[in-house]
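Nothing in this text is a laboratory measurement; each read-out follows from the coordinates by a stated rule. Computed from a prediction, not measured in an experiment: that's the story for all the values here.
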Amino acid sequence: MRYIEPHGHMVSRTTDDYQAMALAGCAAICEPAFWAGFDRKTADGFYDYFCQLTQHEPKRAAKYGLPHYCWLCINPKESEDMKLADDVLALIPEFMKAKTVLGIGEIGLNKNTRNEMLILEKHVELAVKYDQLILVHTPHLEDKRKGTRLIMDVIKAAGKVKPERVIIDHVEEHTIGEVLDQGFWAGITLYPESKATPVRAVDMLENFASQRVWLNSACDWGHSDPLAVPKAMQEMRRRGHSAAAIDRLVYGNPVRFLSQSPNFKDPQALR
Amino acid sequence: MSDSNPLAGTPRRTRDQVADLHFMDARFKLLDLAAFLDRLEKASGPEDHRVRGLRAALPLLLKSGDDRVAQILHLWSDPSVTPIEKADTKAASGVWPGLK
């Protein structure tokens, strides 16, 4: 069965992962900019990273027949250094000209600090100025509920952002309801330990009626699983859900959200 | 297209059917949790705030209702509502340290 991986940090993954995802039915991959596991010291480091996202990684994915898209930002874990963050923000408009850029992301908060909030506000302003979609990273674990609420307040305060053009990722059982109630899309991230497991994700899908939901693996350099979405599909099949219903969730929903960017092409339409 | 996802309003299952699908998974996780608590008993030093949070969540498992996961996640969440001045770490621990 086909699916879209709407959030995978493929610069951290091997070609074996690309191969496994393609064999499992992956039809396209979207890669938000994120933290490398260490703090980059200069804007030049981000310039190289943005070149990797917009130029090199699409070529690597293409070898497995996979369209590759990306999102651009400086992630909240590196937002404490305001000078660095401002320098990186200044780089982004130039890279937005690339045909595979979907929007600004994954922006948001990590420890819910004042500086993180200021840089989040600047990212939202950038998205508004250039009419870009927004992909939001919500904080981890005990910081998630507070951070999710602060992020939604910032986006709403900007005044010009349509919530249906924003996906708030890494929702869990205690945040998904508020996110959907406020009109945003919700991303459920499937991780082996933190965030949601495939089983819990399917529970949430059965409990919340909104169609503004997608599943992603957010596979990266840490403990994560690039095949998490197909494993959630398997769990849906085990529970008796139809192939058509599963397809709408793991293929149709990402296509509906991402098609709001003129750069995204429905992979089915490309064949 | 209607604003409802195709899994919502799920086919009703019997408790036997749910147990057939997920009991063994829950069984091994419960035994792993018991083993973790046993391991803690044999260790020295004061109780870690994360373990304190885990123990505080255990009674919620025995309450009735269908929102135990959300209740536990709320219990472990930072209840404050304003941004902090500066973080002393990038990491989260899993349980708000102020939980009593």
Can you tell me the relative contact order of chain B? Whole percent, Cα pairs under 8 Å, sequence separation 6 or more. 30
From the cross-link list A:LYS77/A:LYS156; A:LYS99/A:LYS156; A:LYS129/A:LYS160; A:LYS41/A:LYS77; A:LYS77/A:LYS231, which pairs have alpha carbons spaced over 20 Å apart? A:LYS77/A:LYS156; A:LYS99/A:LYS156; A:LYS77/A:LYS231
Compute the separation of the alpha-carbon centres of region A:170-191 and region B:21-83 and state it in Å as a whole number. 22
Per-residue [θ]222 nm for the protein assembly as shown (sum of -39500 (n - 2.57) over DSSP H runs n ≥ 4, rounded to 500): -13000 deg cm²/dmol
Just need log10 I(q)/I(0) for region A:3-270 at q = 0.10, 0.17 Å⁻¹, Debye formula, equal scatterers on the alpha-carbon atoms, no solvent, rounded to two decimals. -0.44, -1.43
Ratio Rg/Rh, restricted to region A:1-138 and using Cα atoms, in which Rh is the Kirkwood radius: 0.98
